[in-house]
1. Over every pair of different alpha-carbon atoms in segment 37-96, take the mean of 1/r and invert it; report that Kirkwood radius in Å.
2. If you build the Cα gyration tensor of segment 1-43 and take the root of 5 times each eigenvalue, what three semi-axes come out, in whole angstrom, biggest first?
3. Would you mind checking the tilt of helix 42-54 against the longest principal axis of the Cα atoms of the chain, expressed as 0 to 90 degrees and rounded to 10?
4. What are the extents of the Cα atoms of the chain along their three principal axes, in Å, largest first?
5. Could you compute the FRET efficiency for Asn25 and Glu94, with r as their C-beta to C-beta distance and R0 at 30 Å, rounded to 0.05?
6. Tell me the angle of helix 13-24 to the major Cα principal axis of the chain, expressed in degrees between 0 and 90 and rounded to the nearest ten.
7. Based on the mean of other beta carbon atoms within 10 Å per residue, what is the order of 33-41, 76-84, 55-63, most packed first?
8. For Leu33, put the label point 7 Å out on the Cα→Cβ axis and report which residues of segment 70-90 keep their amide N under 18 Å from it.
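Only the coordinates and a few stated rules stand behind these numbers; no lab work does. For clarity, every value in this text was computed on a predicted model and none was experimentally measured. Here the Cβ positions follow ideal geometry from the backbone for every residue, glycine too, while neighbour counts run over all protein chains shown.
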Amino acid sequence: MTIKFNWPIIGHQPIVSYLQAMISNNTLGHAYLFYGPNGLGKNILAQYFIKSIYCQSNNSPCDHCAHCQQITKQIHPDIIYLECELGKKNITIEHVREAR
């Protein structure tokens, strides 16, 4: 099955190609860290990556299946979302431990 990726990402082509190849080749790592300054598109790139992993469509992500809808709403039971607390610069180790 060939996946047609539907990622409207502008720029970041090397990382987009890398992430899509990981999905296509079924060689996913156990974790990925998206980091950098605010406004680069890390969250949207991560969301398309996650949706493409879970989406059951060949046109991935489809944004219509149950997985895509749950990921959009951040309620997917298999995904943990970590964000900095208001006023904090980093995610704390305690926050990560709680998520585990």
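1. Roughly 12.9 Å, rounded to one decimal.
2. 20, 14, 7
3. 50 degrees
4. 43, 29, 23
5. The value I calculate is 0.25.
6. For 13-24 against the chain, the angle is about 70 degrees.
7. 55-63, 76-84, 33-41
8. Of the residues in segment 70-90, 80-85, 89-90 have backbone N under 18 Å from the label point off Leu33.
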